[in-house]
Amino acid sequence: MKRAFDPTAVRKILQRGIESGLWTLEDIDRPPPGYQLLCDEMAQHKVLELRAFQVPPYINPLRAPAEAVQVSDPRDFTPSTGATPAQTLDLPLTTEDPLDELPF
C-alpha cells in the first residue's frame, strides 16, 4: 500500500514554493496554526487518556535529514546456513535419513 504523502514529493512541493516566492524557508520553520491548535486541544481534552497523548514534534521537512533507503540487505544474498549458492548442503532427502545431523 502506498503512503498518503510521499516525503520526497512533499519536499519537492515545498522547494518549488520557495523558488517561486510563495514562502521562505523560515516560514516553514514555524509550525502551522492547525498544529498549535491540535496541541492546545489535546492538552485540554475531556478524556484524560487523550490528554496524555503526545503530539509528534513539528519538524521542517526541508531541514530534516532525508530518509536513508537501503537498496539491499546482506541477508538477501547469504542463506542462514552459511552456505553459498554454489555449495550444496547434505540434508536428509527422505524421512528415513537421520534427523540428528540437520544444520538447523
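The values are calculated or read from the model by the stated rules, or taken from the named source; none is laboratory data. None of these values were measured; they are calculated from a predicted model. Virtual Cβ from ideal backbone geometry, glycine too; neighbours counted across all protein chains shown.
Listing for the model above:
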| read-out | value |
| --- | --- |
| Criterion (surrounded by 10 or more Cβ atoms within 10 Å (Cβ to Cβ), of a type in the set (A, V, I, L, M) and part of a helix (DSSP H, G or I)) met by exactly one of L22, L14 | L14 |
| Residues being closer than 15 Å to I59 by Cβ and touching a helix residue (DSSP H, G or I) at 6+ places or on another chain (Cβ under 7 Å) - total across the range 1-48 | 3 |
| Sole exception among (1) assigned to a helix (DSSP H, G or I); (2) surrounded by 10 or more Cβ atoms within 10 Å (Cβ to Cβ); (3) at pLDDT below 90 for E49, by number | (2) |
| Only one of P56, P31 that is loosely packed, with under 11 Cβ neighbours inside 10 Å and outside any helix (DSSP H, G or I) | P56 |
